[in-house]
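The values are calculated or read from the model by the stated rules, or taken from the named source; none is laboratory data. Just so it is clear, the structure is predicted and the values come from calculations on it, not from any experiment. Glycine also receives a Cβ, built like all others from the backbone with ideal geometry; neighbour counts cover every protein chain displayed.
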Amino acid sequence: MTTTFTIQPITGKDYHYDFIGSIDATCAEQLESLSTVPPESHVLLDFSQVERVNSMGLSLLLKLFEQWEGKSIRVEVQHLNRMVNMLFKITGLGRFVLTEGQTGDAVSGTSAVNPEPPRHSEHDALIHAKTTTSDKLNFVASLQSGQQLTGWYLLNTYLQRRLTRAIHFDQSVDTPDPSSTDLLFAKPFEACLMIRKHGFIPVMRPIAEVDEVVILTRADDERELKDYAGVTVGTATEGSFVYLLGRFLCDENGLDSSKLTFEFSGNEIKALQSLIRKKCDVLFMLKKTYEGLSSFSRSNVRKLDESVTDFACHLFCVAPHLKAESQAFIDVLMAMENDEQGKEILKDIQIQGWTKPEEGELKMLQMVYDKYVS
């Protein structure tokens, strides 16, 4: 199956199209060509030859669907693979998916695809828009794995020297205190909270780095995922992308996640210990944490499923009062992969490099956050 995206009209069917390949940021021009579909038409999109859809692709589809809805066009999407179908459900596009035996009239409604997110008071947005009484900055990072800690201290020193600014580093366990955080490297939903409620500005993200989820059980348990009805599931926290994706994976495997009991351990290593000690039967874990486990720990667990969403990532954010200085942080982080010391630190924190987050990526992530958390 090719990754190059093409749109093929279905012979003899007006406004019925086969989508072929992968849908991402490079598909804007092809998708824009469909905006000329006349009002009150019926559009059918067949995804049987679509390999994957990333967050930018979802954003482009959302834009197109909004245009069609504004023209009273009835939209149906069919034959999605499991992961693409899951992404449609997560982001609110699932109502366009035509399931077997369903009529088109049941698919597309008139409600907005992307309802306006909740508004917050001006006080919330400006809570951190202050002039600091000290030049010292507080940098808080949520690590992707425990092996990265030394590297993050080295990165903090690197930033201090390049910016000639005193910076204090702390590892994050819970959501950081917005009143005492200036620089933030946060998990997807933590970043969304700080952006939405406290006005933090996302400036960078790791290159080619997404937060995927694995579902684990003990190595000696031979059941399939669908056979774990009503069991106890261990995971780190409830307000996390890991928890959300884990539940969706269960539901897509025919295991009703609403009937599971969840045990929140605070961090992924404690959750893993609960699984091994038989305090829970299944574990939701960040894929990167799983891949970084010792051979002993890996030998005690078995992978039941994993997500392939290419959807969420950690974000490097700055507080609102640092907006005017954000370009300086961007320049230092982007230059790391061209600097020998920077390359070594990137290796220690297990990141290839830094890039600016795309608007579409942030839009889709905020949409999921607004729908499931806020």
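Where strands (runs of 3 or more DSSP E) fall entirely within the range 5-76, those with at least 1 residues that are surrounded by 20 or more Cβ atoms within 10 Å (Cβ to Cβ) are at 16-23, 42-53. Figure legend. Inter-residue proximity from the range 187-206: first residues over 18 Å from Phe311 (Cα atoms), second residues small (Gly, Ala, Ser) and part of a strand (DSSP E or B), beta-carbon distance below 7 Å, spacing 6+ or different chains. Indicated pairs: Met194/Ala186. For the range 289-311, the criterion of being touching a helix residue (DSSP H, G or I) at 6+ places or on another chain (Cβ under 7 Å), surrounded by fewer than 21 Cβ atoms within 10 Å (Cβ to Cβ) and closer than 30 Å to Gln160 by Cβ is satisfied by at least one residue. Determine, yes or no, whether Leu315 is touching a residue at least 12 places away in the same chain (Cβ under 8 Å), within 30 Å of Glu222 (Cα to Cα), buried (at least 16 other Cβ atoms within 10 Å of the Cβ) and aliphatic (A, V, I, L, M). So Leu315 fails the test. Check the range 53-71 and report whether any residue there is without any contact (Cβ under 8 Å) to a residue 40 or more places away in the chain, in contact with a Pro (Cβ under 7 Å, 6 or more places away or on another chain) and in the same structural domain as Thr36 (by TED's automatic domain parsing). Yes, the range 53-71 has at least one match.
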